[in-house]
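Asker: The structure follows.
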Amino acid sequence: MPAILYFMFYASLGLGTSLTFLSSHWLTAWMGLELTTLAILPLMAQHHHPRASEATTKYLLVQASATGMLLFATILNGWVEMSWSINEMKNPYALTLAMSALALKLGLAPFHLWLPEVMQGLDLLTGLILSTWQKLAPFALLMQISQAMPPTLLTILGLSSATLAAWGGLNQTQLRKIMAYSSTAHLGWSVIILQFSPGLALMALGIYIMMTMAAFLTMKDMSSTKISTFSTSWSKSPEKMVAMILILLSLGGLPPMTGFTIKWLVLEELTKQDMYTPATLIVMAALISLYFYARLSYFTIISLFPGTTSIKTYWRQKNIKDKLILPIATTATLFLLPLMPLTLALTYFYN
Amino acid sequence: MAVSRVTLQTPAGVCGLFRRQLLQPSLSHPTILSTRSIYGEYKRPGQPPDKRWPWEKIRFDFSKGVEGIQKHFGLLKDEFVGRLRGPEGRPLLDHMLEQTLVQWEFRGPESLDQWVVSSDKEIGGQSEAYLKLGKNNTTCMLYGTLCSVPPRDGETRYSGYCTLRSKQTLLSFDRKRHFDWSTFNTLYIRFRGDGRPWMINISAEMYFSHNKNDIYSYFLYTRGGPYWQEVKIPFSKFFLSSRGRIQDDQHCLWLDKVCWTNSSAKSHSRKEYHFENIANLRM
């Protein structure tokens, strides 16, 4: 694809998300969501493979349905409450419908089944955009209407996302599907705390985006899309694979990596709110997720799998494609736990 | 419907043609709304189309319903238990360490149930195809007669083929079960043929209806001798064809959702054939 087209589509992605961020009217927010959806479609279908076309079609159908539902909810609210403002959504039916629509857009359980299939048909860079950038605009809207939403519904959404995503990702061998289920699980953690501390939910989303970026960029460098390919990638770049183990464990929420911040602060907030049962259930679901992340780490570099070469490392040419973003994302994923008090203060600032 | 050339040469004529199509829909039979017209089911050449409504094809039987419920819930329970074990019900370590996966082998009469044999007899031809177990019940023998005389139905011009295809395996509630061959890169077959070239076809799960006839194919040349022959075909060699036509826009075969595989042969005259094989998958 010519560079000018790439620029156009990426600029439209940025424009759509920014439009949604800056909106106070539901119609402009809807426009921003549609703009991001339409802008990413050519990026998804650029490889002209039937699986890419399938992923694009499924993504379009799901996102268009979700945006249609959202528009219906906002029109219902506008008709009943006489208000188009995002912050003044009070009608319970409209709120529930809007929340379902946003959950479908984000890939939260029980509306998450499209996400692994779509991710599987994409290349790693587009998958990264889908897992990270495309979550921002719907999450911003969810944050703005979260205070009026029934708390039980948010808790159920969060718990079911964490649990079903953990169960679904348990025996995947395709890395993109694992990252899709990881996306659903992490969003579950954000959503469950949204009602009590929107700042903390935003922080959880931000940390998730950093970790996912590090994981996807490493996979892209290794050109690995399956666990088996990943297990033989250590000879390409042993340093990156060592970092990858730590990135995966950070995704699983193990200290002393940054990913532990989410688990720690969310559990602390849930226990402060006397929500002991949901806290227990969500941490048990996180254990299942941690199991498959740890298993992936084990197969990545700790075990030496049968390969076709007896040479320990490849003869490597200087890699001229190294970009600065991967080291930044990896550093942020692994070493930011000591900055937790600062991030916590920032979340209080948002609240 | 027959249209004169003069009608098509003028815009008014073309518009009139469309108006006639819209204003005078064919109401004689409900083919527009039938499942066949929507999904394009196969119609045997020379046979009248099946114009029944979908509810007319249902045969309700209570006992079968109870059996079906037991069967499907049993399969669902097995899936849940298998999920605790690992991907596709096997431990992940097996999945990672295995170099070879024997996907199909012939070890008894029940292994023949996994295959479907067909020939052009289904479309009115005269070829015959049969499948039986070979000696010691360790191989299977596909044999019969190929006849290239086309059926007299006014539609078919070529004939004379036979095929041995693996059945589509199903999960609970009739969901398709796909094979995940993504950790392998070669198809390995051990067989003994009669010197005739065969074609090996693999079909992956497709989403769009215009891809439903997409098949990845490669050739298999048999030697015909008394000795067994082993062939390794890399999956990258398979080329994409649709309804027998090789596609210009070739894509590689995605191995994470393979539906079935088959071997087929064609003849230009009336000849007997036999193809004895054991099938293996190897990396």
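Readers should treat all values here as calculations from the given coordinates under stated rules, not as data from a laboratory. Everything numeric in this text was worked out from a predicted model, so none of it was measured. In this analysis, Cβ positions are derived from the backbone assuming ideal geometry, glycine residues included, and neighbour counts consider all displayed protein chains.
Asker: To the nearest 10 degrees, how steeply does helix A:26-45 sit against the main Cα axis of chain A, on a 0 to 90 scale?
Answerer: The helix A:26-45 is inclined about 20 degrees to chain A.
Asker: Could you work out how far apart the two model spin labels at residue A:271 and residue B:136 are, taking each label as a point 7 Å from the Cα in the direction of the beta carbon, and quote it in nm?
Answerer: Each label point lies 7 Å from its Cα, and together they span 6.6 nm.
Asker: Calculate one ³J(HN,Hα) per residue across the stretch B:160-167 by plugging θ = phi - 60° into the Karplus curve 6.51 cos²θ - 1.76 cosθ + 1.60, and present them in order as whole Hz with x for glycine and proline.
Answerer: Couplings: x, 9, 9, 8, 10, 10, 6, 6 Hz.
Asker: If you don't mind, there's one more thing I want to ask. Sum -39500 (n - 2.57) across every DSSP H segment of at least 4 residues in chain A, then divide by the residue count to get the 222 nm mean residue ellipticity, nearest 500.
Answerer: Helix contribution divided over all residues of chain A: -24000 deg cm²/dmol.
Asker: To the nearest 10 degrees, how steeply does helix A:238-251 sit against the main Cα axis of chain A, on a 0 to 90 scale?
Answerer: Once rounded, the angle reads 30 degrees.
Asker: Give me B:120, B:78 ranked fewest to most by other Cβ atoms within 10 Å of their Cβ, as a rough exposure proxy.
Answerer: The order, fewest Cβ neighbours first, is B:78, B:120.
Asker: If neighbour count is taken as other Cβ atoms inside 10 Å, put A:123, B:113 in order from fewest to most.
Answerer: B:113, A:123
Asker: Can you list, bin by bin at 10 Å, the percent of alpha carbon pairs in the stretch A:76-182, starting at 0?
Answerer: P(r) over the stretch A:76-182, rounded to whole percents: 14, 41, 28, 14, 3, 0.
Asker: Which whole number gives the average, over all residues in A:293-301, of C-beta atoms from other chains lying within 10 Å of the residue C-beta?
Answerer: 1
Asker: Another question, if that's okay. Give the dimensionless ratio obtained when the Cα radius of gyration of the stretch B:100-282 is divided by 2.2 N^0.38 Å.
Answerer: That ratio works out to 1.03.
Asker: Would you calculate the separation in nanometres between label points at residue A:61 and residue B:53, each defined as 7 Å from the Cα along the Cα-to-beta-carbon direction?
Answerer: Between residue A:61 and residue B:53, the simple spin-label model gives 2.6 nm.
Asker: Rg to Rh for chain A: what is it, with Cα atoms only and Rh by Kirkwood?
Answerer: Rounded to two decimals, Rg over Rh is 0.97.
Asker: Further question: Treating the protein assembly as shown as a set of equal point scatterers at the Cα positions, no solvent, please give the Debye-formula log₁₀ I(q)/I(0) at q = 0.05, 0.08, 0.09 Å⁻¹.
Answerer: -0.30, -0.75, -0.92
Asker: Based on other C-beta atoms within 10 Å, arrange B:203, A:303, A:18, A:289 from fewest to most.
Answerer: By the 10 Å Cβ count, ascending: A:303, A:18, B:203, A:289.
Asker: OK, next. Helix A:325-335 sits at what angle to the longest principal axis of chain A, using alpha carbons and giving 0 to 90 degrees rounded to 10?
Answerer: 80
Asker: Another question, if that's okay. Using only atoms on other chains, find how many Cβ atoms lie within 10 Å of each Cβ of peptide B:86-98 and report the average.
Answerer: 4
Asker: Further question: Taking 35 Å as R0, compute the FRET efficiency from the Cβ-Cβ separation of residue A:49 and residue B:105 and round it to 0.05.
Answerer: Efficiency for this residue pair is about 0.60.
Asker: Using alpha-carbon pairs under 8 Å, 6+ residues apart, how would you state the relative contact order of the stretch B:100-282 in percent?
Answerer: Reported relative contact order: 31 percent.
Asker: For the stretch B:87-178, state which chymotrypsin sites (Phe, Trp or Tyr not before Pro) are in a DSSP loop and have at most 14 other beta carbons lying within 10 Å of their beta carbon.
Answerer: Counting only loop positions with at most 14 other Cβ atoms within 10 Å, the chymotrypsin sites (Phe, Trp or Tyr not before Pro) in the stretch B:87-178 are B:158.
Asker: How high is the relative contact order of chain A, given as a whole-number percent (alpha carbon pairs under 8 Å, six or more residues apart)?
Answerer: After rounding, I find 15 percent.
Asker: To the nearest 0.05, how large is the calculated FRET efficiency for residue B:66 and residue B:114 if R₀ is 30 Å and r is the Cβ-Cβ distance?
Answerer: After rounding to 0.05, the efficiency reads 0.70.
Asker: Tell me, what is the FRET efficiency for residue A:113 and residue A:75 to the nearest 0.05, using R0 = 35 angstrom and their Cβ-Cβ distance as r?
Answerer: Efficiency for this residue pair is about 0.80.
Asker: Follow-up. Once each part is reduced to its C-alpha centroid, what is the distance from the stretch A:120-181 to the stretch A:1-65 in angstrom?
Answerer: Each part reduced to its Cα centre gives a spacing of 18 Å.
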